[in-house]
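To keep things clear, I will list the structure first and then write my remarks on it.
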């Protein structure tokens, strides 16, 4: 079936080219992870798991992994947040208390990423830290003196910022 644009062009009413019948989407194939490096560990955080978090269960030789995953946008991409639990669907839309680990991973194609793993702790634990994923602003390299900052590797422009519960981020 001819598109409206083809019919208009045939009638001499349009010179616009036909739009492709199906948009072409480039999906990057999975690449091996060469290295994972633990950058920071500790603290207790209150983590709000959004309603659009993706539930993932992965089997591997070390053991099965179950987690809720959601992205935090930075310029040029995302920082992925994982909340590990045996029943990830049960925490969607809820706030959980969890300890954090910040990692850097390097892929075989030389790309590097930062991501955050949260592991729930008991509900009576006291929140000690706050974490934010922020866009990097060109020329701004000053953070709160109390902040621990992990800049995202290029080409991403952002940062994972951790502060004490009673401190400011910038």
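The values are calculated or read from the model by the stated rules, or taken from the named source; none is laboratory data. Just so it is clear, the model here is predicted, and its values are computed rather than measured. Neighbour counts are summed over all protein chains in view; Cβ atoms, including those assigned to glycine, are modelled from backbone coordinates with ideal geometry.
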Counting only residues that are over 18 Å from the mean Cα position of the chain (by Cα) and either surrounded by 13 or more Cβ atoms within 10 Å (Cβ to Cβ) or closer than 23 Å to residue 161 by Cα (or both), how many does the range 43-78 have?
2
Give the number of residues within the range 60-77 that are more than 16 Å from residue 101 (Cβ to Cβ), free of Cβ contacts under 8 Å to residues at least 60 places away in the same chain and touching a strand residue (DSSP E or B) at 6+ places or on another chain (Cβ under 8 Å).
4
If I filter the range 14-35 for residues that are touching a strand residue (DSSP E or B) at 6+ places or on another chain (Cβ under 6 Å), at pLDDT 90 or above and surrounded by 13 or more Cβ atoms within 10 Å (Cβ to Cβ), do I get at least one hit?
no
Please specify each residue of the range 79-96 satisfying the condition of being surrounded by 14 or more Cβ atoms within 10 Å (Cβ to Cβ) and touching a residue at least 40 places away in the same chain (Cβ under 8 Å).
79, 81, 91, 92, 96
Enumerated strands (runs of 3 or more DSSP E) restricted to the range 46-86, each holding at least 3 residues that are at pLDDT 95 or above and at negative phi
65-74, 77-84
